[in-house]
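Every number here is computed from the coordinates shown, using simple stated rules; none is lab data. What you see is a predicted model; the values in this text were computed from it and never measured. In this analysis, Cβ positions are derived from the backbone assuming ideal geometry, glycine residues included, and neighbour counts consider all displayed protein chains.
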Amino acid sequence: MREQLINRAIKVLEDNYQPGGFTIPSEGLYPFQWKWDSGFIALGFAHFDLEKAKSEIKTLLDAQWENGFIPHIVFHTDSDSYFPGPDFHQSDLHPQASEKYRSTGMTQPPVTGFVLERLLEIANEDGDMMEFVKSQIDKVYTNHIYLYENRDVEGNGLVYIYHNWESGTDNSPIWDDIWETMDPPEYQFERRDTSHVDPAQRPSKREYDHYLYIIDIAKQHNYDDAKIAEHSPFLVLDPLFNSMLIRSNEALINLYTKIGGNEEKLSYLKSKQEQSIASLNEKLYNSTLGAYVHFDLRNNKQIPYVSSSSFTPFFAGAPDKEKAEAMVNTLQQKFGGEGRYLCASFDPTHDRFNPRKYWRGPVWINLNWILFHGLNRYGYHDLADRVKTDSLKLIENYGFHEYFDSRKTNPDTDNSGYGGDNFSWSAALLIDLMN
Ligand code: 9WN
């Protein structure tokens with residue numbers, strides 16, 4: 001059984017691997033390279049094909065802009081089978097955009113630092129992989145400098161996202177409060193996603209109007225970060241994005257220490273690390289909810305909802321013992337009932353929860369992977385094991401889907417796997433979790 005599942009996962013990754021040296025998340029639905037997908041995908045490949053794992057990361061970092069920015073989608077082809085594609089995003093408006101690749105002008109959670117560290121671990125610290133890490137690590141470091149120097153508007157070590165697509169959790173109910181403050185025009189466009197996936201499982205047309213409008217504002221300012229910080233109606237401190245940055249910082253510190261030298265880089269990373277953790281605890285922790293939440297910088301207030309992103313600070317080592325215990329209680333009480341798989345993407349006890357719709361409730365394997373490692377880091381091994389077992393069970397029952405219903409149903413009669421099929425990070429992270 002174990003071997004069969006792993007072989008199926010390997011096939012998903014092999015089939016989605018492209019001649020350009022990168023892997024698409026899912027055939028038809030997502031035909032390009034996505035930033036955080038690439039990180040997770042590399043971890044899967046590393047268990048059976050180190051060369052492909054390396055090329056995934058190398059290709060992504062090859063698309064880095066001159067200012068250190070790494071885009072959320074790299075458009076390796078001019079295919080118009082995804083909307084919005086390169087002609088809508090127009091990354092060339094930014095004076096330092098890559099000349100080699102067209103891309104979006106927004107980013108995604110900074111996972112590449114901890115991915116490099118895990119690649120080295122999977123490769124048993126072998127010399128070739130160490131050489132690879134040495135050849136790429138400065139690009140990731142430059143990316144962290146870009147984030148701290150351009151997106152930390154309060155100077156406290158937390159960086160903003162200006163678009164829901166930057167969070168990776170695209171249509172989370174968290175953003176509904178922000179949509180209520182906006183009134184974008186009705187765009188005319190042809191959706192491509194809903195020709196691959198049941199529209200009931202995807203964001204609505206009106207939500208897309210908001211998504212496009214924020215991009216239009218960023219384009220009016222040629223994707224200039226300072227102007228975006230001034231004008232974007234969406235300006236948020238995301239616990240997920242910041243936790244990934246903090247964990248990746250920690251990985252860079254560990255890797256540079258192994259490499260030796262690099263004193264200046266180490267002291268920069270260490271000072272940011274301390275400041276970011278302190279601010280995450282001060283600004284994003286909500287003691288009433290017993291969880292980390294998002295902060296709306298534009299409207300200067302916390303957005304008080306619990307989602308799977310609320311627990312990602314475990315992975316970053318941010319909460320103290322007291323917070324950690326409160327978070328575990330919240331997780332068990334709201335998300336962990338007997339009839340549920342862990343971990344729903346949004347609070348199942350809230351009336352905005354929707355078990356079938358994308359980031360409004362379903363379980364996502366990448367968030368589970370982050371949670372598994374975070375809970376283990378804090379010694380909650382039983383709960384971590386449950387997250388792992390649930391992830392494997394969902395894939396075994398329903399296949400390598402993009403997301404899954406968190407309600408326990410009968411696999412013989414109910415189809416609880418949603419979104420894209422043969423989804424790369426579900427396959428890659430299953431392999432990593434099983435090894
Ligand atoms: C927009 C590729 C990406 C993931 C995101 C997921 C989804 C894109 C979309 O697919 O977003 O970036 O078109 O819906 O939400 O996390 O990286 O798998």
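Which condition number does T59 fail, the rest of (1) within 27 Å of T169 (Cβ to Cβ); (2) more than 14 Å from the ligand (Cβ to nearest atom); (3) assigned to a helix (DSSP H, G or I); (4) touching a residue at least 40 places away in the same chain (Cβ under 8 Å) being met?
Against the list (1) within 27 Å of T169 (Cβ to Cβ); (2) more than 14 Å from the ligand (Cβ to nearest atom); (3) assigned to a helix (DSSP H, G or I); (4) touching a residue at least 40 places away in the same chain (Cβ under 8 Å), T59 comes up short only on (4).
Here is a yes/no grid of residues against (1) closer than 30 Å to Y341 by Cβ; (2) aliphatic (A, V, I, L, M):
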| position | (1), (2) |
| --- | --- |
| L212 | no, yes |
| Q220 | no, no |
| S243 | yes, no |
| A251 | yes, yes |
| L266 | no, yes |
| A278 | no, yes |
| K283 | no, no |
| L297 | no, yes |
| S307 | yes, no |
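Can you confirm whether F83 is aromatic (F, W, Y), touching a residue at least 24 places away in the same chain (Cβ under 8 Å), within 14 Å of the ligand (Cβ to nearest atom) and not in a loop (DSSP other than H, G, I, E, B)? Before the answer, list the steps.
Details: aromatic (F, W, Y): yes; touching a residue at least 24 places away in the same chain (Cβ under 8 Å): yes; within 14 Å of the ligand (Cβ to nearest atom): yes; not in a loop (DSSP other than H, G, I, E, B): no.
Taking the combined requirement at face value, the residue does not satisfy it.
Tell me, which residue of the stretch 190-221 that is within 13 Å of the ligand (Cβ to nearest atom) and assigned to a loop (DSSP other than H, G, I, E, B) is nearest to Y418 (Cα to Cα)?
Looking at the filtered set, the residue picked out is V197.
Can you find a residue that is surrounded by fewer than 24 Cβ atoms within 10 Å (Cβ to Cβ), touching a strand residue (DSSP E or B) at 6+ places or on another chain (Cβ under 7 Å) and over 25 Å from Y418 (Cα atoms) anywhere in the stretch 11-31?
There is no residue in the stretch 11-31 that is surrounded by fewer than 24 Cβ atoms within 10 Å (Cβ to Cβ), touching a strand residue (DSSP E or B) at 6+ places or on another chain (Cβ under 7 Å) and over 25 Å from Y418 (Cα atoms).
Return the residues of the stretch 298-340 that are basic (K, R), free of Cβ contacts under 8 Å to residues at least 40 places away in the same chain and crowded, with 16+ Cβ neighbours inside 10 Å; say none if nothing qualifies.
Scanning the stretch 298-340 gives a single hit, K334.
For a quick check of your reading of the model, give me the residue pairs whose first member lies in the stretch 384-403 and is under 18 Å from S345 (Cβ atoms) and in a helix (DSSP H, G or I), whose second is within 16 Å of the ligand (Cβ to nearest atom) and β-branched (V, I, T), with beta-carbon atoms closer than 7 Å and at least 6 apart or on different chains.
Filtered contacts from the stretch 384-403: S391/I365; L394/V363.
Regarding V12, is this residue in a helix (DSSP H, G or I), among the hydrophobic types (A, V, I, L, M, F, W, C) and within 14 Å of the ligand (Cβ to nearest atom)? Give the derivation first.
On the way: in a helix (DSSP H, G or I): yes; among the hydrophobic types (A, V, I, L, M, F, W, C): yes; within 14 Å of the ligand (Cβ to nearest atom): yes.
Criteria met by V12.
On the basis of being without any contact (Cβ under 8 Å) to a residue 24 or more places away in the chain and touching a strand residue (DSSP E or B) at 6+ places or on another chain (Cβ under 8 Å), does D177 make the cut? I'd like the intermediate steps shown before the answer.
On the way: without any contact (Cβ under 8 Å) to a residue 24 or more places away in the chain: no; touching a strand residue (DSSP E or B) at 6+ places or on another chain (Cβ under 8 Å): yes.
No; evaluated as a whole, the condition is false for this residue.
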